[in-house]
Every structure is written in structure tokens, then in C-alpha cells.
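Nothing in this text is a laboratory measurement; each read-out follows from the coordinates by a stated rule. Keep in mind it's a predicted model, so treat the numbers as computed, not measured. Cβ coordinates were reconstructed from backbone atoms using ideal geometry, including for glycine residues, and neighbour counts include every protein chain displayed.
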Amino acid sequence: MTGEPLLDTSRFREIDRCALCGSMERSEKFQEPPFHIVECQGCGLVYVTPRLKEEVLPEVYNEDYWSSKSPKTRGYADYRSEAELYLKTFRKRMALLRRYHPEPGRALDIGCAAGYFLRVLHEEGWEGRGIELSPEIGQEAVKALGEDKIHIGDITQAPFEEGSFDLVSLWDVIEHVPDPRWFLTQALRFLKPDGILILETQNVRSRFAGWLGPKWQHYKHLEHLYHFNPSTIERLLGEVGMEVLHLTSKWGGKHVSLGFIRERATRVHKAFGLLLLPLAPFSGFNLYINPHDEMILVARRKAKTSQS
């Protein structure tokens, strides 16, 4: 046990089977006590055990998450200060959305945080709504977009009309939830029959993840409970009735500050942080990077086959 309440192992639970295929057979990739990062031998899903109990998990996303003293292990150094970079990233990604939904419609962004994607949608003429579990960051979305457009709290309590959205989006959300299949089922309640789902998550089988191994920046064990690959995320979507139209790493890059790059580099090795120290005065500068370790998927409901 440690002085950090979130690392109090009495609040943890062991995970004995894969959430995707149910297999109990697994191999260990590595461990960072008290966490073990394991790979299911049945389907290849990578997951973390033990982890915080479900009733405790929301505590991860308190104010310390959005202004973290240790962003390489949890949260962001200063999420709000990089608003313009998130907006630039989502503006770039709109090209993918236009390919599958050329005209503006109604959108629901689940895990909307400060509402940056919703703000970009609004610029493009979309009508947007958002759901955010964390009140600390969700209030930023409320200030920007209005209280009637943002639900802060559990997805099951969201007041939005089911089957009324042309787009449901989940940007870097599915790896955080304890039961991805259940969560996707809840999210898809809001989608029109002919609507599209856009989902982003990390690819544990990417070359970049393989190169960095346990130092990969997405191994944040309190928050990232699952690590998908193209096969496991497509299987999950198929099991909730969705057909993947497009899976790509092309749009998975982000506009980031040089300060962000320095912070992530220190996770790989402290020496990298020292080598980049001369760039400290330029930390506010930004660039677009894409290590191709994130997947963006576009999906729609499977067509129902007629029975003879």
C-alpha cells in the first residue's frame, strides 16, 4: 500500500478472465507492481489486473487528472492550456468525418471532456451534445456550449433522446471503461439506425508500441484498463452489431507542444528529457506528430439480412 489513495490495493480487484472472449488463459507482457499487464491467449486483448474497483474508478478523473503532477503515469500536465492544439487536431480530423457524413447533422460526443470536438462540430454547422463523467473538466464544456448541451455524469442517466443522433463519437474513451461491450451498447442507444460511430483508441500492436515496450506512453495503468489492436477492436464492434467501414492510423496524430514532447520523452528515458532541455524556452511551440500508434474507426450498424 502507498500514501496515494488511488494506489491503495485494498480498493483493487483482480480480473480473472478476458472481457472480450471470456478466456482465463493469458500470458504476462510485463508488470509494474501492483499492476500486471497481460494478453489474452484466446483473442489477443491486452488488459490490466488488478485494477480499481468500479465504484472507485471515477476518482481517477478528479482535478489532479487534468492538472497532473505526474502526467507520464496519469492524466495531463495541463489539459486546459492546450485547448488550441486539441481544436487544431479535431479540425484536421473533420476531413474523415466529411467523407462519411458530408452534411452537418446531430452529434453526441461521449467522454467530451472540455468539449473541444463539439466546438469544432459547431464551427462546421453541426448540432452537438456531450456526455462527460468528470465534473472538473465537464464544467469547461458547459461554459463553452451551454448547460442544456452537456450531461455531466453516468451515461445511463443522460437525458438525450435515443436514436436521434447522426454521429456518436468516442475519442480515447473505450480503453478507460471497465466493461467495453456494455458501454458501447449504452452509447449506441443514441445512434440513428443509419448513423455512424467514430471511435479512437490506441493500437498495442503498432510498431511504435512494440519498439517502446513497457515505456509506451499509453501504458497508464490506473486509467487505461484495456489495450486493443485492430483485431480485438473490430471484434468488439462486431459483437455490438457494428460493421467497420474504415480503420486507419492516418488521422490518429495530434498537434502537440514541444513541452509535451519533452514530458513524454522522459518516460522513455530521463536522458532524452535532458537532451531536449535546450528546447525548454520554446515549449509553447507546437507541431503535428503521428507515431501511428492510434486507431480511428468509422462504423455503422450491420445491415439486417432478410430471412426466406
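Within the stretch 155-182, can you find the residues that are part of a helix (DSSP H, G or I) and over 13 Å from the mean Cα position of the chain (by Cα)? Steps first, please.
Looking only at the stretch 155-182, we keep the residues that are part of a helix (DSSP H, G or I), and these are 155-157, 174-176, 180-182.
Ile155, Thr156, Gln157, Arg181, Trp182, listed by residue number.
Identify, from the list Leu191, Leu170, the residue that is in contact (Cβ under 8 Å) with a residue 40 or more places away in the chain, under 16 Å from Phe90 (Cβ atoms) and not small (Gly, Ala, Ser). Even if it seems obvious, please write down each step before you answer.
Numbers: Leu191 fails: under 16 Å from Phe90 (Cβ atoms).
Of the residues listed, the single one that is in contact (Cβ under 8 Å) with a residue 40 or more places away in the chain, under 16 Å from Phe90 (Cβ atoms) and not small (Gly, Ala, Ser) is Leu170.
Those residues that are surrounded by 14 or more Cβ atoms within 10 Å (Cβ to Cβ) and either of a type outside the set (D, E, K, R) or more than 22 Å from Glu175 (Cβ to Cβ) (or both), I need them from the stretch 60-77; list them, please. Reasoning before the result, please.
Restricting attention to the stretch 60-77, the residues satisfying the condition of being surrounded by 14 or more Cβ atoms within 10 Å (Cβ to Cβ) are 60-62, 64-68, 71-77.
Result: Val60, Tyr61, Asn62, Tyr65, Trp66, Ser67, Ser68, Pro71, Thr73, Gly75, Tyr76, Ala77.
Criterion first (over 17 Å from His221 (Cβ atoms) and either within 17 Å of the chain's Cα centre (by Cα) or of a type outside the set (D, E, K, R) (or both)) does Gly75 satisfy it?
no
Return yes when Arg11 is crowded, with 19+ Cβ neighbours inside 10 Å and more than 25 Å from Lys215 (Cα to Cα) and no when it is not. Please lay out each step first, then the result.
Details: crowded, with 19+ Cβ neighbours inside 10 Å: no; more than 25 Å from Lys215 (Cα to Cα): yes.
No, not satisfied.
Starting from the stretch 81-110, take each residue that is more than 13 Å from Tyr288 (Cβ to Cβ) and free of Cβ contacts under 8 Å to residues at least 24 places away in the same chain and list its partners that are surrounded by fewer than 14 Cβ atoms within 10 Å (Cβ to Cβ) and not acidic (Asp, Glu), counting only C-beta distances under 7 angstrom and pairs at least six apart or across chains.
Pro104/Gly125
Collect the residues in the stretch 66-91 that are in contact with a Gly (Cβ under 8 Å, 6 or more places away or on another chain) and either closer than 15 Å to Leu287 by Cα or of a type in the set (A, V, I, L, M, F, W, C) (or both), keeping them in residue-number order.
Trp66, Ala77, Thr89
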